[in-house]
Amino acid sequence: MNSLLRIPYSLAGAGAHALARAVPSGDSKFRRGLSARRGIVERYARWGTRSRDPSRRLVWFHAPSVGEGLQALPVIELVRSRRPDVQIAYTFYSPSAERFAGSLGADFFDYLPFDTSADAEAIISALRPSALVFSKLDIWPLLTERAAAARVPVGVISATLPESSARRGVLGRALLGDAYRSIERVGAIDEKDGERLREQGVRSDRISVTGDTRFDQVWSRARRQASPLVQSLRSARPTLVAGSTWPTDEANLFPAWTRIRDKIPDARIVIAPHEATDSHLRSIEGWARPNGLRLARVDADDASDADVILVDRYGILGDLYALADVAYIGGGFQSAGLHSVLEPAAFGAPVLFGPRNEKSRDAAKLIEAGGGAVVTAVADLSLRLAEWLGSVPARDAAGTSARAMVQSGLGAAERSFALVSALLAR
């Protein structure tokens, strides 16, 4: 790290510690994230003393939130199945990833402490990792620095660096340059990512293009047996699954759906809002019932007969795309950006999304393949839905193209496992 930034960065870390001590616990993500850092170094130390097997190597995966964790998932599964001699540690940053982290079967999982030299040294000493692997782009400068000083090889899988990323600016380069230069192996998603990472300081001979492990993850999910919930909701009715929707999506989707019901009276919609808050769920219920639509929440006994199935809990949307004849993905009508289009595509569902999708390379690939389409307003959303829900040949052709696009990206998990294996062999 640039010496001029070391002092303010350290002060920021100290301030975060003080905030964690001072702010009361609560249910918000902010309060949960702070309270989780209380006593965190001691938790690492306890696990290291009680459960770290010195006769086994340990690979430490870090993914800040659920999306990056899903990218790490197929690689973790390969390590677990092929390297039973290796212990697995998994860390995350966002409270939204806590439940996901607990489902991975890692030997150790916890939040990542704030990025200070003292905490980094302490947790590296506790875990005694044989390799540290970041998923996607969440590189922490002091953690990476202390890992390199402890001779722990550092790698990145499904590595990406968007052209617009602040990490590419003057401040980002000064803050992260040393960390990038110390990375041993990088598996970039594509050539452009690899070139941008080289510009950040990663040595050219340490970069290879391994692809995006999300393709393997969603493909595996689509191939497994449907859950009992999905089986109970199956129907011959034309079905739209609208996932991760925001109010800006629903402002276009709901009027379009009213038009679709006039043309295709037996069509139904499964809707999973991005934020399943009470107020958001009530707003969807407030739209459905005055429009003569029978609404049921997803776990209700009569959900399979409903015109609108409202998903009011997290963690099941990826499986529910198995119900989709057509999918709509939220986020494309606001600056937050488009959510993942790969999950429904893996099930062979053509995918619709809003116009603000320029940051999604997968959306661009879907459009090019003919398995996805951009909608900009109620009128063209209505037309696209009518075309794909009303015509089985048109829907099947687009769905086949969507599935083929996902299939073309397979293999990244195997290549990333080879990268991790090389780090463990050092």
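If every alpha-carbon in segment 74-126 counts as one equal scatterer, what log10 I(q)/I(0) does Debye give at q = 0.17, 0.22 1/Å? Debye output, listed in q order: -0.62, -0.90. Set the Cα radius of gyration of segment 304-350 against 2.2 N^0.38 Å, with N its number of residues, and you get 1.23.
Spacing of the modelled spin labels on residue 190 and residue 294, each 7 Å from Cα toward Cβ, amounts to 4.6 nm. Compute the Cα gyration tensor for segment 4-55, then decide on rounded, prolate or oblate, letting a ≥ b ≥ c be the square roots of its eigenvalues: rounded whenever a/c is under 1.5, prolate when a/b is larger than b/c in the other cases, and oblate in all that remain. The shape class here is oblate. For segment 14-29, backbone nitrogen atoms closer than 18 Å to the point 7 Å from residue 117 Cα along Cα-to-C-beta are found at 14-17.
Between residue 134 and 62, 155, 156, 157, the built amide H atoms are under 5 Å apart, and every one of these is 5 or more places off in sequence or on another chain.
Kirkwood radius for the chain, taken over all pairs of different Cα atoms as the inverse mean of 1/r, rounds to 23.0 Å. Summing Cβ point charges (Lys, Arg +1; Asp, Glu -1) relative to the Cα centre of segment 254-389 gives a dipole of roughly 400 debye.
Between residue 12 and residue 251, what length comes free when the chain is fully extended (0.36 nm per residue of separation minus the Cα-Cα distance, one decimal in nm)? It would help to have the intermediate numbers written out before the result.
Values: separation 239, 0.36 × 239 = 86.04 nm, distance 4.04 nm.
Here the answer is 82.0 nm.
Each of residue 407 and residue 387 was given a label point 7 Å from its Cα along the Cα-to-Cβ line. The distance between the two points is 2.3 nm.
Overall shape: oblate for segment 47-110, with the ratio a/c of the largest to smallest alpha carbon gyration tensor axis at 1.5 or above and b/c at least equal to a/b. The order of the peptides 200-207, 397-404 by mean Cβ neighbours within 10 Å, most packed first, is 397-404, 200-207.
Probe radius 1.4 Å, ligands and nucleic acids ignored: give me the carbon and sulfur share of the accessible area of segment 338-426 as a rounded percent. Please list the in-between numbers first.
Numbers: 1930 of 3580 Å².
The C+S portion of the solvent-accessible surface of segment 338-426 is 54 percent.
Per residue, how much accessible area does segment 1-136 show when a 1.4 Å probe rolls over the protein heavy atoms, in square angstrom? All intermediate terms of the calculation are to be shown ahead of the outcome.
Details: 6120 Å² over 136 residues.
Result: 45 Å² per residue.
Here the Karplus relation 6.51 cos²θ - 1.76 cosθ + 1.60, evaluated at θ = phi - 60°, turns the backbone of segment 200-206 into coupling constants of 6, x, 5, 5, 4, 6, 9 Hz, with x for every Gly and Pro. The magnitude of the dipole of the chain, with charges of +1 and -1 set on the Cβ of Lys/Arg and Asp/Glu and taken from the Cα centre, is near 1140 debye.
Equivalent-ellipsoid semi-axes for segment 247-331 (Cα gyration tensor, √(5λ), whole Å, largest first): 17, 15, 14.
What is the helix-to-structure angle for 247-263, meaning the angle in degrees between its Cα long axis and the longest Cα principal axis of the chain, kept from 0 to 90 and rounded to the nearest 10? Between the helix axis and the principal axis of the chain, the angle is about 30 degrees.
Between residue 164 and residue 204, what FRET efficiency follows from the Cβ-Cβ distance if R0 is 30 Å, with the result rounded to 0.05? Let's see the in-between values first.
On the way: r = 23 Å, r/R0 = 0.77.
It comes to 0.85.
Per-residue 3J(HN,Hα) values for segment 406-418, derived from phi via the Karplus relation 6.51 cos²θ - 1.76 cosθ + 1.60 with θ = phi - 60°, read 5, 4, 5, x, 6, x, 5, 5, 5, 5, 6, 4, 4 Hz in sequence order (x marks Gly and Pro).
3J(HN,Hα) along segment 228-236, derived from phi through the Karplus expression 6.51 cos²θ - 1.76 cosθ + 1.60 where θ = phi - 60°, amounts to x, 4, 4, 4, 6, 9, 4, 7, 7 Hz, with x in place of Gly and Pro.
So, counting K/R as plus one and D/E as minus one, what does the shell of residues with Cβ under 12 Å around residue 243 add up to? Let's see the in-between values first.
On the way: positive: none; negative: 249, 319, 343.
So the environment of residue 243 carries a net charge of -3.
Taking amide H atoms as placed 1.01 Å from N in the peptide plane, the amide H of residue 297 lies under 5 Å from those of 310, each 5 or more residues away in sequence or on another chain.
Could you rank the peptides 222-228, 300-306, 328-334 by their average count of other C-beta atoms within 10 Å per residue, with the highest value first?
Working: 222-228: 11.9, 300-306: 14.1, 328-334: 24.9.
In decreasing order of mean packing, 222-228, 300-306, 328-334 become 328-334, 300-306, 222-228.
Spin-label model, residue 3 to residue 25: label points 7 Å out along the Cα-to-beta-carbon direction sit 4.4 nm apart.
Taking Cα centre as origin and charging only the Cβ of basic (Lys, Arg, +1) and acidic (Asp, Glu, -1) residues, the dipole magnitude of segment 75-205 rounds to 180 debye.
With no solvent and one equal point scatterer placed on each C-alpha of segment 268-426, evaluate the Debye formula and give log10 I(q)/I(0) for q = 0.09, 0.16, 0.17 Å⁻¹, two decimals. For the requested q values the scattering log ratios are -0.35, -0.98, -1.08. Amide H contacts of residue 328: 241, 242, 243, 352, each under 5 Å away and 5 or more positions distant or on a separate chain (H built 1.01 Å from N in the peptide plane; Pro and chain starts excluded).
Lysine pairs in the chain whose alpha-carbon atoms fall under 17 angstrom of each other, counting only those eight or more residues apart or on distinct chains, come to 4.
Compared with the dominant Cα axis of the chain, that is its longest principal axis, helix 378-390 is turned about 80°.
One Cα centroid belongs to segment 195-269, the other to segment 1-34; the line between them spans 35 Å. The apolar share of the surface of segment 171-330, taken as the fraction of accessible area on carbon and sulfur atoms (1.4 Å probe, ligands and nucleic acids excluded), comes to 48 percent. Peptide packing for 282-292, 82-92 was compared via the average number of neighbouring C-beta atoms within 10 Å per residue; ordered from the highest value, the list is 82-92, 282-292. Average accessible surface for segment 137-285: 43 Å² per residue, computed with a 1.4 Å probe over protein heavy atoms with every protein chain in place.
How large is the accessible surface per residue of segment 339-426, computed with a 1.4 Å probe and reported in Å² as a whole number? Display every interim value, and only then the final one.
On the way: 3540 Å² over 88 residues.
Per-residue value: 40 Å².
The values are calculated or read from the model by the stated rules, or taken from the named source; none is laboratory data. Every value quoted in this text rests on a predicted model; they were computed, and no experiment measured them. Note that we place each Cβ from the backbone using ideal geometry, even for glycine, and neighbour counts take in every protein chain shown. These area figures cover heavy atoms from the full protein model, side chains too; ligands, DNA and RNA do not enter into them. Shrake-Rupley method; radii C 1.70, N 1.55, O 1.52, S 1.80 Å.
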